[in-house]
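The structure under discussion appears below in the form of structure tokens.
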């Protein structure tokens, strides 16, 4: 029987993070949402204001027999810039911060090691990724689900998400769903 686990990460716009992980073998589900803030049940508009403290994140359900938490973090480091504080490209604000929310002590230890040993092999500048215990997760509004796949002609999708997806497809070709 498959061992399903949860990982929660933020690397800028959740549309980008979701698009990257949905193509990875072992990822069962990728739910865009919000966490790490100070209000309950925030809306997209509230989170985008930057006033709630929430980050745009994706909560991944994964088959631990097919993909490890370490591998999930390797893809995380390669698919966004963890050296820019509260920013990914033109997306600026605390809601776009690079963040790993750990769900247990094992994830915390793996993430700490990955921040120290894996991320610096890919990036020359200091890693600014926040590492915090998982808090209550609020799913994003339904129209965010599978945004990239459903809106490929959208300018943001083609200019921002498309290149990230292409980069991950190339770098992690052996990890893609068949």
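Coordinate-derived values only; no laboratory data. In this text, all values refer to a predicted model and were calculated from it rather than measured experimentally. Please note: Cβ atoms are built from the backbone with ideal geometry, for glycine as well, and neighbour counts cover all protein chains shown.
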As a footprinting exposure proxy, order 112, 130, 5 by other Cβ within 10 Å, with the fewest listed first. 112, 130, 5
Connecting C-alpha atoms closer than 10 Å in a GNM of the chain, tell me which of 132, 79, 32 has the biggest fluctuation. 132
Using a Förster radius of 35 Å, what is the FRET efficiency between residue 4 and residue 153 based on their Cβ-Cβ separation? Nearest 0.05, please. 0.55
Residue order, fewest to most surrounding Cβ atoms within 10 angstrom, among 175, 97: 175, 97
Connecting C-alpha atoms closer than 10 Å in a GNM of the chain, tell me which of 41, 151, 86 has the biggest fluctuation. 151
Treat each spin label as a single point 7 Å out from the Cα along the C-beta direction, and report the residue 29 to residue 137 distance in nm. 0.9
GNM on the chain, Cα springs under 10 Å; top mean-square fluctuation among 126, 42, 82 goes to 126
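Under 8 Å for C-alpha pairs, at least 6 residues apart: give me the relative contact order for the chain, rounded to a whole percent. The partial results should precede the final answer.
Details: 332 pairs, mean separation 55.4, N = 178.
Taking the mean separation of contacting Cα pairs over the length of the chain, I get 31 percent.
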Test of understanding: ordering 73, 85, 150, 60 by Cβ neighbours within 10 Å, fewest first, what list do you get? 150, 85, 73, 60
Using alpha carbons only, how many angstrom separate the centre of the range 69-128 from the centre of the range 132-152? 18
Computed helical MRE - 222 nm, the chain, DSSP H runs ≥ 4 contributing -39500 (n - 2.57), nearest 500: -8500 deg cm²/dmol
Tell me which label goes with the value of log10 I(q)/I(0) by the Debye sum over Cα atoms at q = 0.09, 0.12 Å⁻¹ computed from the coordinates here: [x] -0.33, -0.61; [y] -0.38, -0.63; [z] -0.27, -0.50. [z]
